[in-house]
Amino acid sequence: ITPDQIKTPADLAGEYQHYINKLKLCKVNLGWPQIDARLRGIAPGEILTIIARSGVGKTAVLQNILRHVALSQDATTLFCSLEQPLAQVFERFAQLATEIPGEEIERNWDNSEQREELVAAVMGNLGTDRTLTCGIEGLSLPQLDEVLDAAEMKINRPVNLLAIDYLGLLDTSNLDKTLYGQVSRAARELKNLAK
């Protein structure tokens, strides 16, 4: 521990100024005004966890957030879909972009004209390189860090929002012997990664 790690009030003010400057570039809003006002957006180093029982639409909520960020903010997102296959991720994004039901998207996919319109709609909603998706199953926390680095190298800009669907599918077996311990340690490690 060195003296420069001990902060005076003036040092703290300098840290706060740096934080405010970063917020102007990196804060992410979810797209729900009441929640955004209450949270004041998601700042760098913060984690938002959405918890609900299985089958109620957490993935759909997450993909809606990613779409909102793409449409309204100059931010890069990385969606780690550990549960849904990438084809289903695309179909959901297509449903959000066009309001066409999944079965109709599937049925009309072989029509090249409709397929091109659909792909253009998805790219228009998500940007060509601001909304990234990774479908590697069973990622460990060190691999998640590697995925972030690879994403940033791919587009040559930082990732502002990392979305993981879902925490229970991260490989946390090396963190603890019990499931409770694994999830607790994973939450702490994700916070450290965010910081």
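Does residue 157 satisfy being out of contact with any Leu (no Cβ under 6 Å at 6 or more places or on another chain), assigned to a loop (DSSP other than H, G, I, E, B) and either surrounded by 15 or more Cβ atoms within 10 Å (Cβ to Cβ) or of a type outside the set (Gly, Ala, Ser) (or both)? Criteria met by residue 157. Scanning region 136-169 for residues that are modelled with pLDDT under 90, in contact with a Ser or Thr (Cβ under 8 Å, 6 or more places away or on another chain) and over 19 Å from residue 194 (Cβ atoms) yields a count of 0. Summed over region 28-74, the residues that are open to solvent by 70 Å² or more (accessible area, probe 1.4 Å), under 19 Å from residue 160 (Cα atoms) and not hydrophobic (A, V, I, L, M, F, W, C) give a count of 4. For residue 9, the conditions (1) exposed (fewer than 11 other Cβ atoms within 10 Å of the Cβ); (2) touching a Cys at 6+ places or on another chain (Cβ under 6 Å) all hold with the exception of (2).
Residues checked against (1) out of contact with any helix residue (DSSP H, G or I) (no Cβ under 8 Å at 6 or more places or on another chain); (2) open to solvent by less than 80 Å² (accessible area, probe 1.4 Å); (3) farther than 24 Å from residue 54 by Cα:
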site	(1), (2), (3)
146	yes, no, yes
150	yes, yes, yes
162	no, yes, no
165	no, yes, no
175	no, yes, yes
178	yes, yes, no
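The values are calculated or read from the model by the stated rules, or taken from the named source; none is laboratory data. Every value quoted in this text rests on a predicted model; they were computed, and no experiment measured them. Backbone-built Cβ (ideal geometry, glycine too); neighbour counts: all protein chains shown. The accessibility values were calculated without ligands, DNA or RNA, using every heavy atom of the protein model including side chains. Shrake-Rupley method; radii C 1.70, N 1.55, O 1.52, S 1.80 Å.
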